[in-house]
1. Tell me, which residue of region 194-212 that is within 18 Å of E67 (Cβ to Cβ) and aliphatic (A, V, I, L, M) is surrounded by the most Cβ atoms within 10 Å (Cβ to Cβ)?
2. Please pick out the residue among D42, D100, D76 that is under 21 Å from G147 (Cα atoms), touching a residue at least 12 places away in the same chain (Cβ under 8 Å) and either outside the structural domain of G120 (by TED's automatic domain parsing) or surrounded by fewer than 16 Cβ atoms within 10 Å (Cβ to Cβ) (or both).
3. Can G140 be described as farther than 30 Å from N211 by Cα and surrounded by 19 or more Cβ atoms within 10 Å (Cβ to Cβ)?
4. Please specify each residue of region 56-73 satisfying the condition of being hydrophobic (A, V, I, L, M, F, W, C) and crowded, with 19+ Cβ neighbours inside 10 Å.
5. Which pairs have Cβ atoms under 6 Å, sit 6 or more apart or on different chains, and link a residue in region 135-154 that is without any contact (Cβ under 8 Å) to a residue 40 or more places away in the chain to one that is part of a loop (DSSP other than H, G, I, E, B) and buried (at least 20 other Cβ atoms within 10 Å of the Cβ)?
6. Take Q189 and decide whether it is surrounded by fewer than 20 Cβ atoms within 10 Å (Cβ to Cβ), in contact (Cβ under 8 Å) with a residue 12 or more places away in the chain and within 14 Å of the chain's Cα centre (by Cα).
7. Please verify whether V150 is of a type outside the set (G, A, S) and either within 21 Å of L80 (Cβ to Cβ) or not assigned by TED's automatic domain parsing to the domain that holds A111 (or both), treating the condition exactly as stated.
8. Based on what the data block shows, is R262 surrounded by 16 or more Cβ atoms within 10 Å (Cβ to Cβ) and either modelled with pLDDT under 95 or at positive phi (or both)?
Amino acid sequence: MSTDFRPATGLLASLDLLQVSQAGPVLHLRLNRPAKRNAISDTLIQQLHTAFVNLPDDVRVAIVSGEGDHFCAGLDLSELVERDVGEGVLHSRMWHAAFDQVQFGRVPVVAVLHGAVVGGGLELASSTHIRVAEASAYFGLPEGQRGLFVGGGGSARIPRLMGVARMADMMLTGRVYDAQEGLAAGLVQYVVPQGAGFAKAYELAQRIAQNAPLSNYAVTHALPRIADQSQSEGLFTESLMAAVAESTPEAKDRLRAFLEKRAGKVVKS
């Protein structure tokens with residue numbers, strides 16, 4: 001990790017299943033159950049929710065990664081207990097609330113993926129906005145082989161990335177995608193060599209943090225909703241969002257800087 005990062009203080013420092021640190025406007029949340037391949041327990045999902053609800057005011061982008069050899073191996077099956085239907089619904093909705101806060105929280109989120117990105121781990125990854133996979137990353141949805149069904153929002157989010165047919169194939173047959181296959185299928189936007197994921201994510205996060213906050217908010221909140229609307233409704237929503245974004249003082253300052261040739265050039269990835 002970059003030496004720019006310093007451990008979080010206050011509430012975020014008390015979340016024992018997360019390692020939280022910050023460098024300027026970038027917050028890094030690292031899943032911290034390496035002995036369990038960062039499998040998601042009830043406590044971990046609650047701590048993720050707490051962290052994203054309580055982001056420091058000066059944070060403009062977050063990075064999520066996993067400690068150890070894997071990003072996240074999904075639901076901690078050692079905690080799986082018999083539930084009646086009502087309890088099962090509430091448990092699933094707890095995951096939904098946490099991952100909704102990732103996807104529709106205040107800031108964009110970049111994920112660093114390595115090793116297992118399986119089941120609930122893929123559901124978590126799909127709730128982030130930019131996904132960087134290291135060469136070791138592999139993607140699976142083994143719920144079908146375990147008599148389960150996704151319950152953390154995967155059925156709503158993953159098909160929007162890779163399509164219903166590909167997700168159905170993974171769940172029905174146990175098919176596993178490697179990093180390059182995940183890139184081709186749309187699960188991730190970047191693939192980098194092993195060990196280079198965090199550096200790439202931090203580079204991207206620094207770029208994102210330089211954007212106008214309302215522009216970032218429009219991308220993470222308005223864009224997915226527009227994609228779900230009919231074209232006519234989407235275009236109208238786009239007009240409203242564009243008008244709101246360009247009316248802010250920061251947008252006007254940035255436009256003047258561009259016209260006066262004071263703005264930086266676009267950086268190619």
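1. The residue in question is A201.
2. Details: D100 fails: under 21 Å from G147 (Cα atoms); D76 fails: either outside the structural domain of G120 (by TED's automatic domain parsing) or surrounded by fewer than 16 Cβ atoms within 10 Å (Cβ to Cβ) (or both).
Going through D42, D100, D76 in turn, the sole match is D42.
3. Values: farther than 30 Å from N211 by Cα: yes; surrounded by 19 or more Cβ atoms within 10 Å (Cβ to Cβ): yes.
Against the criterion (farther than 30 Å from N211 by Cα and surrounded by 19 or more Cβ atoms within 10 Å (Cβ to Cβ)), G140 qualifies.
4. Step one: filter region 56-73 for residues hydrophobic (A, V, I, L, M, F, W, C), giving 59, 61-64, 71-73.
Passing the criteria: V61, A62, I63, V64, F71, C72, A73.
5. E143/V150
6. Numbers: surrounded by fewer than 20 Cβ atoms within 10 Å (Cβ to Cβ): yes; in contact (Cβ under 8 Å) with a residue 12 or more places away in the chain: yes; within 14 Å of the chain's Cα centre (by Cα): yes.
Against the criterion (surrounded by fewer than 20 Cβ atoms within 10 Å (Cβ to Cβ), in contact (Cβ under 8 Å) with a residue 12 or more places away in the chain and within 14 Å of the chain's Cα centre (by Cα)), Q189 qualifies.
7. On the way: of a type outside the set (G, A, S): yes; either within 21 Å of L80 (Cβ to Cβ) or not assigned by TED's automatic domain parsing to the domain that holds A111 (or both): yes.
Yes.
8. Values: surrounded by 16 or more Cβ atoms within 10 Å (Cβ to Cβ): no; either modelled with pLDDT under 95 or at positive phi (or both): yes.
Taking the combined requirement at face value, the residue does not satisfy it.
The values are calculated or read from the model by the stated rules, or taken from the named source; none is laboratory data. Remember, predicted model here, so these are calculated numbers, not experimental data. When we count neighbours, we look across all protein chains shown, and the Cβ atoms used for this are built from the backbone with ideal geometry, even at glycine.
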